[in-house]
Amino acid sequence: DWMCKTFMQLSLRELFWLKFSCFAVPKYTLISHWPLYVKVTREVSLTAEGFMPEDGSGCIVGIEDLPEQECVCVATAAGDILLCNLSTKQVECVGSVDSGLSTMSWSPDQELVLLATGQQTLIMMTRDFEPITEKQIHQEEFGEGKFVALGWGKKETQFHGSEGKQAAHHMNKHDSPLSWDDGRPRVTWRGDGQFVAVSAVCPDTGARKVRVWNRELVLQSTSEPISRLEQALSWKPSGSLMASTQEKPNRHDVVFLEKNGLLHGEFTLPFQKGQVKVNELLWNADSTILAIWLEDLKVENSHTNSYVQLWTTGNYHWYLKQSLHFGSLEENRLVSLLWDRENPYRLYVLCQGWHYLSYDWHWTTDHGMGENSQHMSNVAVIDGDKVLVTAFQHAVVPPPMCTYELQLQQAVNQVAFHTDPKHSGDMAVLDACNKISVYRYGQSTMNDPTVRFGAVGGNGFKAAVETPYLDKTYSDSNEVMNPLGLRFLTWLPDDSFLVVGQGQHAAQSVLHHLTAVPHVAGAEEEHLNLRLSVPVDGEVISLCCSPETRTVAVQLADGQILKYVWEASAPVLEPWQTSNGSAVQFPYPCVQTSITRISGEEMILGLTDRYRFFVNDIEVASNITSFATYNEFLLVTTNSHTCQCFCLKNISVKALQAGLSSAAAPNSETLRKVERGSRIITVVPQDTKVVLQMPRGNLETVHHRALVLAQIRKWLDRLMFREAFQCMRKLRINLNLLYDHNPKLFLENAETFIRQIDSVSSINLFFTELKEEDFTKSMYPSLNGTCNAQPLQHSDQKKVNVISFSYCRYCLSILTAHVKKSPPELEIALQKVHDLQENVTPDVKAVSAEEALKYLLFLVDVNELYDYSLGTYDFDLVIMVAEKSQKDPKEYLPFLNTLQKMETNYQRYTIDRHLKRYTKALGHLSKCGPEHFSEFLNLVKDQNQYCEALKLYPSSTQEYKDISDAYGEYLIQKQLYEQAALIFARAGIFAKALDAFQNSGSWQQALCMASQLGYTKDKLSSLARSMAAAQKNQLIFLDSQKTAFIHHKSRLQVVQELKKLLTCFADYEMPNCPELDLFSETSSVVTASDMNSKYSHSNSRISARSSKNRRKAERKRYSLKEGSAFEDMALLEVLGESVRAVETVKDIHILLKQLVLFGYDEQAGALQQVLEEVLELMETSIPEIWTPDLQQSSVNPVLGPNSTANSIMAAYQQKRMMTPVMKDQWALRLSKHCYMPTVLTFIQL
């Protein structure tokens, strides 16, 4: 019978078990599963085959399930190694050790097996039981990882603290062995199977030592001497540490060892010294939970209790998250404890009385659900017999720090917050003995000794946080055999409790609705009355409550969702249905659920442990790591390290699915980046804080833009301007939103805004940020698409001017309003300051002129304000501004005294010229009389104000003619001959107009001017001869351009051909190639990569030069010298210049017409012929020179991962040269068409 139990202990896949659920850790939820019945499917007798004695004296020291071989490997203390086939039920002895076996341990990959024999040796064997090597357990040497001595002396000679030098004589003190230690070696493998650790009792010292071996059984390291080290040993699968236990003089610790044998951290068990013994330590598969199996040490006339504790770590603190008490009954005594290899949060427990339990656990967050309570955003963390509570509305501190802590008598297994929003801070705590302790706020004035402050008070500091008190403690009158018999404790709004228990049948749960029994005088504890029990056909794995609709959503293991309405006349449990009547069932079980409303319809949200997110039975995302609901908002964190926020008021499920599947715009208020691995802890109601927890345990508070803007909009709708303004300043929200949210409401409540803000600097800050932009459309669009803004009656007015006008009755705000107007009204602002100086009011609260001027100087630069005051021509105002500035009176007083002695117009001219307002200065100077005209003309010439000067005098005056004469000369200097000729002609200066028309080539207008001047025939003939001379110059120019173009074109073809040949042969070695002589004359023409490498250093050197030297170096670089590196690019540049030069003679047809008119037919024909040849040559050559490939490369520069700075620069330089040339192609064609009528006319003549 015992052998069958042992077999059932580890051959788990041969069992059928039933499951139940219960809550676990604070931030975490636990789901545990346990059976009522266990069915044995196969049984193999070891006594019948003679492998075990029939008297029960035999012992099995190891058992391993080998799925690939469909058998179980069993090792007996007698030394036999057996293979039990599960299909044929045959038992085969594959080996035997004469000295017996004390331990058998398989590697995680089941490729190796390690045996510890009775002779204190280790035998490493393959999976086929072929021996690899055998070594003694107790070795004298340290191992291959022996530390290197750095000359610091021996440990005995080092400083020993308060123990003094006597400590050196106790280094080799023998430890007395623990009485309950069985002395057997303990073996544990690292998760990757590369190393194995063995804990064995040293025969010399009596203490245990841990030795680390590799897969070839080569010793790597030996642990340092650890006093009273116990037998339990477990290597963390991640490979960082090994866990063991140590009995110290005043406590019992779990200690951690590194691979090199040194201690690295510890934590204390919640028991007295000598109270319990640790049978096993087990890490789960992902190294996040450490399970400890403990038993009370045997005491006479008493039964021992068994415990299983689950410990996790965060922020360098170890938390006892769950404590399972199995009692003292013999049938409940544990015989085996095992973590599942595939599911890291599944734990198997086997008891002596054939009770088999399976627990599934997952993380969740315990937090209050209230929105209006003063005890908001409380989050509870379970830490053994304490509950650490943090009020995030008052302090954001990470665990293990807290606002206050609750001290219980037993270890805590679950915390449930009140679901009534008005009492969301109240808590119900379920401990390991199934007692419920209720903590409430506000009704007791006595300090509860079980509640004490954490990080926010105590030690003489006064804390402004209210703490709860222990109201009642309820105990369950029905004794529950299994640990966690009650789970999913839910505190309903009507002060009743909802819990889940096990049903009468295997796959059945029971929903218990409990109410408090009236208090009995003298009773220490109160009891709960069973109001209603509702059987559930299935395994309940989660509960979530909605206080708004008074419903509870019950999730079953198959994903089915049931609805429980507790306030109905006859509470019933019915399937959860959608609006169209279909039942809701999650495709996969969800570890976190919540009830919310989407577009007014009540729906249930679910998140699986694989990050799949469901709304009812629709999967809307597959990358969600956590979520939280707050009012009408849904917040989620994703695997892409973002936090997204959605408004559920006016959104459909499909729109939500689309929003989660697509990336939002970078400036969208729905999305923000968060730290890798962040998860949502809570959202602080009536605030904008979202608290996130990082994987290492620390907290981060973010203010999600969507929540911030939503809260600001609510404050503005309620006319709570002060709260909105403070939030916007703190979180850097543009203050334009105060007005843009609802302009009409804001303007109608201007006095309310001023009264609430009650700060001149804050109001002025608001004015300084005003811009002519609707921020509700650009920067802060509404998340739900709704807008409460009411448009203004005069929407054509500027926003800044409207607000400034509305607030102009407030003194300093008046100045700010005038300064912020577009354009700024600094003159008006200065006049307001001047009025304050003249009209002194007896009101002490009124702003004085001095204060107003100081504030204006804060808004505007003092020099700019001084210039503006001088531009008002008010010397009192100028002196007032100058006195408040840091100007030296010796600088401005002589200047002002000189101005006051001048005539008014000349005074204002002097001021305007000083302020460089030359247009106004000319206006004032023109009024000073003819005696100042020479000064007027000099100013016009100095500042090129000819157009403005011409407007100040009539066209019939001599002043107008003088200004025009100066203007024409100015245009001739700029080589704008045609414009200069027009100015001369308007003023009647025909001689200068004739010369200007001749220089511009406008021969027809020149003849008109000759007519105005009354030219004789001789003078007209001379004018015609000058036309012929111009024809000769055009012929010479065209011939030179034609010759140069042909030469450069032919040279470019040669260079391009040589470059192609060099590129083709660049990758081949040609030592005896005769064609190498072809490259002699162009030895410097290299490939692009060589070209870039050659000039890379010079570029960096040239960049530090002056701009003049850079231009010189650039011209030198693109040299026309034959054989230069960039000869082809220089040729392209020169050819482009030739094309552009020919295009500049586009008005040559005017000269041709005038030559024909005066009888110069031969000269006109020659010029026409040469022009046609040049145009034809260039038009046919352009496609040959600038090929389509070259043009495309210039449009699309070479970019990419293989590009260099030099290659990109060369590509853009080529683009710069190509762009104007491609435009010149169309210019040439247009010029040719313009010349064609002249050709036809000449042929007819």
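The values are calculated or read from the model by the stated rules, or taken from the named source; none is laboratory data. Being a predicted model, the structure only gives us computed values, none of them experimental. Glycine gets a Cβ as well: all are built from the backbone with ideal geometry, and neighbour counts include every protein chain shown. With ligands, DNA and RNA removed, areas are computed over all heavy atoms of the protein, side chains included. Shrake-Rupley method; radii C 1.70, N 1.55, O 1.52, S 1.80 Å.
Solvent-accessible area of GLU769, all protein chains in place: 60 Å² (probe radius 1.4 Å, heavy atoms, ligands and nucleic acids excluded). When the P(r) of region 231-275 is calculated, the portion above 14 Å amounts to 48% of the C-alpha pairs.
The simple Förster model, with R0 at 45 Å and r as the Cβ-Cβ distance, assigns ASN938 and LYS744 a FRET efficiency of 0.20. Once C-alpha pairs closer than 8 Å and six or more residues apart are averaged by separation and normalised to the residue number of region 288-392, the relative contact order reads 16 percent. Applying 0.36 nm per residue to the separation of GLU574 and GLN726 and subtracting their alpha-carbon distance, the gain on full extension is 49.8 nm. Note on MET779: accessible area approximately 90 square angstrom, rounded to 10, probe 1.4 Å, nucleic acids and ligands left out. Accessible surface calculations at 1.4 Å, restricted to protein heavy atoms, place region 224-346 at 42 Å² per residue. Which residues in region 851-873 have a backbone N closer than 13 Å to a point placed 7 Å from the Cα of GLN831 along the Cα-to-Cβ line? What the label zone holds, given the 13 Å backbone N cut-off, is 872-873.
3J(HN,Hα) couplings calculated from phi for region 267-275 with the Karplus curve 6.51 cos²θ - 1.76 cosθ + 1.60 (θ = phi - 60°) are, in sequence order, 8, 9, 6, x, 9, 6, 4, x, 8 Hz; Gly and Pro show x. Counted residue by residue at 0.36 nm each, then reduced by the alpha carbon distance between them, the extension gain from ASN623 to GLU130 reaches 172.7 nm. The simple spin-label model puts a point 7 Å past each Cα toward its Cβ; for LYS974 and GLN409 those points are separated by 10.2 nm. The accessible area of TRP235, taken with all protein chains in place and a 1.4 Å probe, comes to roughly 10 Å². Taking 7 Å steps out from each Cα toward its Cβ at ASP874 and LYS649 produces label points 5.0 nm apart. Couplings 3J(HN,Hα) of region 866-881, computed from phi: 5, 5, 5, 5, 5, x, 7, 6, 9, 6, 5, 5, 5, 5, 5, 5 Hz, in residue order, whole Hz [Karplus 6.51 cos²θ - 1.76 cosθ + 1.60, θ = phi - 60°; x for Gly and Pro]. Computed over region 505-644, the Cα gyration tensor eigenvalues convert (square root of 5λ each) into semi-axes of 31, 18, 16 Å, ordered from largest to smallest. Taking amide H positions as modeled 1.01 Å from N, with prolines and chain starts lacking one, no residue 5 or more places away or on another chain lies under 5 Å from ASP495.
The trypsin sites (Lys or Arg not before Pro) of region 731-763 meeting both criteria, a DSSP state outside H, G, I, E and B (loop) and at most 12 other C-beta atoms within 10 angstrom of the site's C-beta, are ARG732. For region 308-351, the list of GluC sites (Glu not before Pro) that fall in a loop by DSSP and count at most 14 other C-beta atoms within 10 angstrom reads GLU342. Sorting 543-555, 890-902, 266-278 by average packing, meaning the other beta carbons within 10 Å per residue, from highest down gives 543-555, 266-278, 890-902. Distant-in-sequence amide contacts of ASP617, defined by a placed amide H-H separation under 5 Å and a gap of 5 or more residues or a different chain, comprise GLN585.
Between GLN1056 and ASP888, the modelled label-to-label distance comes to 6.9 nm, taking each label 7 Å out from Cα in the direction of the beta carbon. Note on THR121/ALA48: beta-carbon distance plugged into 1/(1 + (r/R0)^6) with R0 of 30 Å gives a FRET efficiency of 0.45. Taking amide H atoms as placed 1.01 Å from N in the peptide plane, the amide H of GLY327 lies under 5 Å from those of SER306, each 5 or more residues away in sequence or on another chain. Each of HIS513, HIS303 has its accessible area taken with a 1.4 Å probe; listed largest first, they run HIS303, HIS513.
When the listed pairs LYS974/LYS1019; LYS730/LYS887; LYS689/LYS744; LYS1059/LYS1121; LYS386/LYS563 are checked against a 26 Å cut-off, the alpha-carbon distance exceeds it for LYS974/LYS1019; LYS730/LYS887; LYS689/LYS744; LYS386/LYS563. With Cα atoms as the point set, region 311-350 shows a radius of gyration and Dmax of 13.3, 39 Å. Fully extending the segment from ASN734 to ARG1140, taken as 0.36 nm per residue of separation minus the present Cα-Cα distance, adds 140.9 nm. Across region 51-139, C-alpha contacts under 8 Å between residues 6 or more apart give a mean separation that, scaled by the residue count, equals a relative contact order of 17 percent. On the basis of the beta-carbon distance and an R0 of 30 Å, LYS472 and GLU567 show a calculated FRET efficiency of 0.85. Sequence-ordered 3J(HN,Hα) estimates for region 380-391 from the Karplus curve with 6.51, -1.76 and 1.60 and θ = phi - 60° stand at 10, 10, 7, 9, x, 8, 10, 10, 8, 10, 10, 8 Hz, glycine and proline given as x.
For region 309-379, with all protein chains in place and a probe radius of 1.4 Å, 48% of the accessible heavy-atom surface sits on carbon or sulfur.
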